[in-house]
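Below is one structure; the comments refer to it alone.
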Amino acid sequence: MNGVMPDAQSYAALPYSQLTYHLALAIKNVTHALACFIPIWYQPTSLRALTTLTLIATGFCGYIVLLAFQSPYPFLHHSFWGGFFSVVAAIIASAFQSYLRTVFTAVIRDDNPESDSRLFWCGIFMQIGSVIGTAVMFPLINFAHIFKSGPACDQDS
């Protein structure tokens, strides 16, 4: 969510409109904050539940990346529904990723409450993942041009 998705999100949402991009970013930020509270009431610990939730989150992130690859003319480009699905995918992906990040750290904390080093290393590896995602995406976007930008003045889309 910190390394790859912000890079892909602009290519996935901007082809629909500035409003679509704005809504995707603004609502997903609110959703991100709210999703971190859900583990207070529901916190799965089974591997099957965590794997299923991770696959759902990965699917929505994959849809966003797919839209970015199709840029500047993604799926349902001239339709309300294309922008709607782009915003919904951003919101759901953010919610699941934030929820899972909170659940995983809670599971690590609860597994051995006497050991702070597990949470420390969990945070370190989350940051390493963000750095790797950014390090991979930067050259792919800026030098390999895997995503294509739309026309700068395309306001009617």
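When the residues of region 67-82 are filtered to those that are touching a residue at least 60 places away in the same chain (Cβ under 8 Å) and within 16 Å of the chain's Cα centre (by Cα), the one that is surrounded by the fewest Cβ atoms within 10 Å (Cβ to Cβ) is F69. For region 24-66, a residue qualifies if it is part of a helix (DSSP H, G or I), hydrophobic (A, V, I, L, M, F, W, C) and under 13 Å from L100 (Cα atoms), and the qualifying residues are A33, L34, A35, I38, I40, L47, A49, L50, L53, L55, I56, A57.
Could you say which residue among L25, L50 is without any contact (Cβ under 8 Å) to a residue 60 or more places away in the chain, surrounded by fewer than 20 Cβ atoms within 10 Å (Cβ to Cβ) and out of contact with any Asp or Glu (no Cβ under 6 Å at 6 or more places or on another chain)? Spell out the reasoning first.
Working: L25 fails: without any contact (Cβ under 8 Å) to a residue 60 or more places away in the chain.
Step by step, each of L25, L50 is checked, and only L50 is without any contact (Cβ under 8 Å) to a residue 60 or more places away in the chain, surrounded by fewer than 20 Cβ atoms within 10 Å (Cβ to Cβ) and out of contact with any Asp or Glu (no Cβ under 6 Å at 6 or more places or on another chain).
Within region 134-144, does at least one residue satisfy the condition of being surrounded by 15 or more Cβ atoms within 10 Å (Cβ to Cβ) and of a type in the set (V, I, T)? Please lay out each step first, then the result.
So in region 134-144, the residues surrounded by 15 or more Cβ atoms within 10 Å (Cβ to Cβ) come out as 137, 141.
Pick out the ones that are also of a type in the set (V, I, T) and you get 141.
Yes, some residue in region 134-144 is surrounded by 15 or more Cβ atoms within 10 Å (Cβ to Cβ) and of a type in the set (V, I, T).
Return the residues of region 80-129 that are within 22 Å of I27 (Cβ to Cβ) and of a type in the set (S, T, Y); say none if nothing qualifies.
Our first condition is that a residue be within 22 Å of I27 (Cβ to Cβ); within region 80-129, this holds for 80-103.
The answer is S86, S94, S98, Y99, T102.
Of the residues G83, G150, the single one that is outside any helix (DSSP H, G or I), more than 30 Å from S46 (Cα to Cα) and in contact with a Ser or Thr (Cβ under 7 Å, 6 or more places away or on another chain) is G150. In region 1-19, the qualifying residues are those that are touching a Phe, Trp or Tyr at 6+ places or on another chain (Cβ under 8 Å) and either β-branched (V, I, T) or assigned to a loop (DSSP other than H, G, I, E, B) (or both), and the one that is surrounded by the most Cβ atoms within 10 Å (Cβ to Cβ) is P15.
The single residue among T54, T45 that is under 26 Å from I146 (Cα atoms) and hydroxyl-bearing (S, T, Y) turns out to be T54. From the list S130, S79, S71, the lone residue that is over 21 Å from D7 (Cβ atoms), modelled with pLDDT under 95 and not aromatic (F, W, Y) is S79. The numbered conditions (1) farther than 27 Å from S46 by Cβ; (2) of a type outside the set (S, T, Y); (3) assigned to a helix (DSSP H, G or I) are all true for H77 except (3).
Total residues in region 37-65 satisfying the condition of being under 14 Å from the mean Cα position of the chain (by Cα) and hydrophobic (A, V, I, L, M, F, W, C): the figure is 8.
The values are calculated or read from the model by the stated rules, or taken from the named source; none is laboratory data. For clarity, every value in this text was computed on a predicted model and none was experimentally measured. Cβ atoms come from the backbone with ideal geometry, glycine included; neighbour counts cover every protein chain shown.
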